[in-house]
Amino acid sequence: MPAVIEGGRIEAAPVVQGCLSKMAIAPGEPGGPVRYTLRAGEHRLDLNARLGQPLELNWTGAIACTHCGRATKKSFAQGYCYPCFKKLAQCDTCIVKPETCHFDAGTCREPEWAERHCFQPHVIYLANSSGLKVGITRGTQVPTRWLDQGAIQALPILTVETRQQSGLVEVLFKEEVADRTNWRAMLKGEVEALDLLAERDRLLARLDGGLGRLRERFGVDTIRALDEAPVTFDYPVLEFPRKIVSHNFDKQARVSGTLLGLKGQYLILDTGVINLRKFTGYEVAVS
Ligand SMILES: [Zn+2]
């Protein structure tokens, strides 16, 4: 991208280089689009400002573990080296399936980490990323989690005391509603607005028996209904792709094109889309 600098000379845009973190996404001004910041090492790049302009990312071939910083040939679980992947509680399967929490069996990989992350209030929410879905997140991760998924609407519906409880509630909801995003539909912008309050009331009525059984098991006050208003998000997208082509640094180190939009953790370029979260820890030069 040519940029005019002092004295009127035209120079190439400065190249920033560093290991990718997932993009920082924040709600915008009221009525305005969500704000995206690309993070490469210590560098920060305002991506909303780059909409409609050329953007190029070049992977140097290096990957650094996001936990220990060691170089790794391959990334495990979106950014970890193999030893960390095998050792850290945050990489254990019970994080993806919290209902399988094995803390009580004394086999938690890192009990202290679990105290800080799993034995904390969690929220069960409904979101609309490619249709209705249910999800769970730690209370502090709202609204980041929704923005990372590209949800256009979200509504917290229940709060629970631990991650395991949130997993058990989610299992119950999965009988009625999806827990995954169809990322292709999400990126194509083929998402109709939903009445999340009506969906909430319908699901809570339908799952009343199952929720009652969980309350009997954990205590009546552990699973509490929330009375919140739905939130909506507007993503900075100039043009949705009609066909989805994915870029992948592992196959092609150079990814370039005109930036047409940002949604979830994806860059939408005129040449294809890329899920930057998948490449956490990859060292890239961005210009
Ligand atoms: Zn590591």
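Some points to look at:
- For Gln149, the conditions (1) in contact with a Phe, Trp or Tyr (Cβ under 8 Å, 6 or more places away or on another chain); (2) closer than 21 Å to Ala24 by Cβ; (3) not acidic (Asp, Glu) are fulfilled apart from (1).
- Scanning the range 216-231 for residues that are surrounded by 14 or more Cβ atoms within 10 Å (Cβ to Cβ) and not aliphatic (A, V, I, L, M) returns Phe218, Thr222, Glu228, Pro230.
- Of the candidates Pro83, Pro98, Pro143, Pro111, the single residue that is surrounded by fewer than 18 Cβ atoms within 10 Å (Cβ to Cβ) and either closer than 30 Å to Asp201 by Cα or away from the ligand (no atom under 16 Å from the Cβ) (or both) is Pro111.
- Residue within the range 121-137 that is loosely packed, with under 13 Cβ neighbours inside 10 Å and either within 16 Å of the ligand (Cβ to nearest atom) or in contact (Cβ under 8 Å) with a residue 60 or more places away in the chain (or both) present: no
- Within the range 15-68, the set of residues being surrounded by 17 or more Cβ atoms within 10 Å (Cβ to Cβ) and within 16 Å of the ligand (Cβ to nearest atom) comprises Cys19, Leu20, Ser21, Ile63, Ala64, Cys65, Thr66, His67.
- Test result for Ile124, assigned to a strand (DSSP E or B), at pLDDT 95 or above and more than 13 Å from the chain's Cα centre (by Cα): yes
- Cβ-Cβ contacts under 6 Å between residues 6 or more apart (or on different chains), taken from a first residue in the range 66-92 that is within 15 Å of Arg109 (Cβ to Cβ) to a second residue that is of a type in the set (Asp, Glu) and more than 9 Å from the ligand (Cβ to nearest atom), are listed as Ala89/Glu110.
- Subset of the range 151-170 (residues that are assigned to a loop (DSSP other than H, G, I, E, B) and among the aliphatic types (A, V, I, L, M)): Ala151, Ile152
- Residue match in the range 91-107 (condition: touching a Ser or Thr at 6+ places or on another chain (Cβ under 8 Å) and charged (D, E, K, R)): no
The values are calculated or read from the model by the stated rules, or taken from the named source; none is laboratory data. Keep in mind the model is a prediction, meaning the values are calculated, not measured. When we count neighbours, we look across all protein chains shown, and the Cβ atoms used for this are built from the backbone with ideal geometry, even at glycine.
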